[in-house]
Amino acid sequence: MNASFPLRFALAALLGASAAHGSLDSILAPLPFAETKAPVAPVPTAPAPEALAPVATVESPKDEYVAPGITPTELQGALKGALEEKLRPSGELVLIPLRDLPDLSEYSQPFNVVLRSSPSRLTRGNLLLRFQVENETGILGEWSVPYRAHVYGKAWFPKTRLLTGEIATPSDFEARRVDLLVDPDAVPATLETLLRHEYAREILPGRPLEWNDLVERTLIRKGDVVEVSAVNGLLAITMRAVARQDGSAGELIILRNLDSSKEFTARVTGQNRAEAIF
C-alpha cells in the first residue's frame, strides 16, 4: 500500500470538513482587529463677539508756553552790563549787592534795565544804584540797591630794584591781578604802557608800578649832538646842532648850530633827531 495514501486521505478529509466553513485562506487568516480610538475632547468654540461700543477719544489740551520769570542772577547781569556800558571800566567789573535784589520771578522775560541813578565814576567803597525794570507789559517798578564794586586787572610789579633814568622794559616786571579801585595809579600790564618810558625815580619791588614812576623817555639829552632836518617848501637841508636841554618825543627844545653858533627851536622826532621849526 502506498505510504502516502493515508496522508492524502487525511488531508482530503480535512479539506472536506473545512469547506463548509470557508476557504483555507479564510481559516488561516488572522482574526479581525477592532481598532479603538481615544475619545477626543470637544474643541470649545469661542462665543460670538459682542458688538463693541465705540471708544470716545479725549484730546489732551495743548500746553501753553509760559515765559520764564526774571531770576536774580539775570537781573544782576543786566545791572552790571548797564553800568559797564555807561562807565567803561578799564578792567573786569565785579558788583556785590549788599542786600537782596527784588523778587521778579513772577514777571516774564525779556526785560530791560534802565539806570535812574549811578555814580559818574567808579571809586573805592560802596555805591548806590537806582534802577527801573520793564518788560513787554510795561514798567515793573523802581528799586535802589547798594553795592560794593571792584575792578580787577593786571598791573606791572617790579622783580628787582630799578634805578632812575633806566629805560623801561617788560623784562623788569611780572604781571599780577589787582583791584584797580584799590590801586588806581597802577600801570596796566601791557607792552604799550612801557614803550617810550623810563623810570622817573628809584623803584623797589613789592608794590605795583605807578604812573608817577614813569616819565616819557628822553630821546635827546643836554649836550648831545643832534641831526636836524629843515624843510622850507621844496628846499630840505640837514645840519648838526648841540642840544641845550633834554627832550622827549614831540617836545620842543633849543639847539645851537655847530657852524653859526646860532640857537633855534626844533621838535624832537627820534633818538638824537629833531626837525627845525620856522
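Summary of values
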{"item": "Only one of 255, 204 that is closer than 28 Å to residue 90 by Cβ and touching a Lys or Arg at 6+ places or on another chain (Cβ under 9 Å)", "result": "204"}
{"item": "Count of residues meeting criterion [polar (S, T, N, Q), in contact with a strand residue (DSSP E or B) (Cβ under 8 Å, 6 or more places away or on another chain) and over 27 Å from residue 89 (Cβ atoms)] in the range 143-170", "result": "1"}
{"item": "Residues of the range 83-129 classified as outside any strand (DSSP E or B) and either of a type outside the set (D, E, K, R) or at positive phi (or both), total", "result": "20"}
{"item": "Single residue of 130, 161, 121 found to be closer than 21 Å to residue 85 by Cβ and at pLDDT 95 or above", "result": "130"}
{"item": "Matching residues in the range 166-213 - criterion: being surrounded by 14 or more Cβ atoms within 10 Å (Cβ to Cβ), among the hydrophobic types (A, V, I, L, M, F, W, C), over 37 Å from the mean Cα position of the chain (by Cα) and under 23 Å from residue 247 (Cβ atoms)", "result": "200"}
{"item": "So residue 144, is it under 20 Å from residue 248 (Cβ atoms) and part of a strand (DSSP E or B)", "result": "no"}
{"item": "Unique residue being under 30 Å from residue 196 (Cβ atoms) and not assigned by TED's automatic domain parsing to the domain that holds residue 194 when the list is 108, 90, 144, 120", "result": "90"}
{"item": "Hey, residue 160 touching a Phe, Trp or Tyr at 6+ places or on another chain (Cβ under 9 Å) and in a loop (DSSP other than H, G, I, E, B) or not", "result": "no"}
{"item": "Strands (runs of 3 or more DSSP E) (entirely within the range 171-268) containing at least 3 residues that are under 16 Å from residue 156 (Cα atoms) and in contact with a strand residue (DSSP E or B) (Cβ under 8 Å, 6 or more places away or on another chain)", "result": "173-179, 197-199"}
{"item": "Evaluation of residue 135 against (1) outside the structural domain of residue 205 (by TED's automatic domain parsing); (2) within 26 Å of the chain's Cα centre (by Cα) (one fails), failing number", "result": "(2)"}
{"item": "Among (1) of a type in the set (Asp, Glu); (2) in contact with a Leu (Cβ under 9 Å, 6 or more places away or on another chain); (3) closer than 18 Å to residue 99 by Cβ, the one test that residue 142 misses", "result": "(2)"}
{"item": "Selected residue (only one of 148, 124 is of a type in the set (Lys, Arg), within 30 Å of residue 110 (Cβ to Cβ) and surrounded by 13 or more Cβ atoms within 10 Å (Cβ to Cβ))", "result": "148"}
{"item": "Subset of the range 250-278 (residues that are among the aliphatic types (A, V, I, L, M) and crowded, with 16+ Cβ neighbours inside 10 Å)", "result": "253, 255, 266, 268, 274, 276"}
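The values are calculated or read from the model by the stated rules, or taken from the named source; none is laboratory data. Please read these numbers as outputs of a predicted model, since none were measured by experiment. Virtual Cβ from ideal backbone geometry, glycine too; neighbours counted across all protein chains shown.
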